[in-house]
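Read through the structure below, which is laid out as structure tokens, and then see the notes.
The values are calculated or read from the model by the stated rules, or taken from the named source; none is laboratory data. Values in this document were obtained by computation on a predicted structure and should not be read as measured data. When we count neighbours, we look across all protein chains shown, and the Cβ atoms used for this are built from the backbone with ideal geometry, even at glycine. Please note that ligands, DNA and RNA were not included when accessible areas were found on the heavy atoms of the full protein model with its side chains. Shrake-Rupley method; radii C 1.70, N 1.55, O 1.52, S 1.80 Å.
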Amino acid sequence: MVSWKNSKGVLGAVVLCGVVWFAHPAQDRVNELEEQISLQYTYANPLLRDTVKALLEYDFSEPLTDENEEDFNRLAKEFRDVTDLFFSGGTVHYEWQDRLDDTKFYLMDYASGSPLSEEEVADLYQVLKATRYICMDFRDYDNRSDFYNAMHSENHEMVEQVEKRLAWKYKNQGE
């Protein structure tokens, strides 16, 4: 007859093998999802940078004109779409995401003809310029897993870099 003592070891080994057998495909799926999200960041980053660069050409202290209203609305929609894409997978860059959300509201107000205050205009330029430089910093991550970690790891160097970029005081347009 088999003793209970020996059976526990065999039973433990069988359970461990079962866990590994089930966990391995799950880890593969997690790796696959991380790869897809990283690819999303890789494609969204230059779109965000280029959209921000185009928005920086506007003088937000002046109202929209009939000639540039359609182009601005297209850019504002592009900005909303690309930031939603960029932050849809969650991120550790909470302050950046909050500041970009504020920027969306500024752009909507501006597009609707509501004048922006001097402080709102200054904040808008600050966030757009910081975002442009943050996107440039992200270009350094050509390895997709590095990009994923830069967006999801609290200990990644980009957390500090994004905070620095947001805190930096950039010159406003016309200065």
Which pairs have Cβ atoms under 6 Å, sit 6 or more apart or on different chains, and link a residue in segment 83-112 that is more than 20 Å from V159 (Cβ to Cβ) to one that is surrounded by fewer than 18 Cβ atoms within 10 Å (Cβ to Cβ) and among the charged types (D, E, K, R)? K104/R80
All positions within segment 157-172 that are open to solvent by less than 40 Å² (accessible area, probe 1.4 Å) and not in a helix (DSSP H, G or I): Y170, N172
Test each condition in (1) at pLDDT below 95; (2) surrounded by fewer than 20 Cβ atoms within 10 Å (Cβ to Cβ); (3) of a type in the set (S, T, Y) for Y148 and report the one that comes out false. (2)
Among the residues of segment 17-31, is any modelled with pLDDT of 90 or more, open to solvent by 70 Å² or more (accessible area, probe 1.4 Å) and more than 28 Å from the chain's Cα centre (by Cα)? no
Identity of the residue in segment 101-126, polar (S, T, N, Q) and in a loop (DSSP other than H, G, I, E, B), that ends up nearest to E70 (Cα to Cα): S112
Could you please let me know if N68 is at pLDDT 90 or above, open to solvent by less than 80 Å² (accessible area, probe 1.4 Å) and part of a helix (DSSP H, G or I)? yes
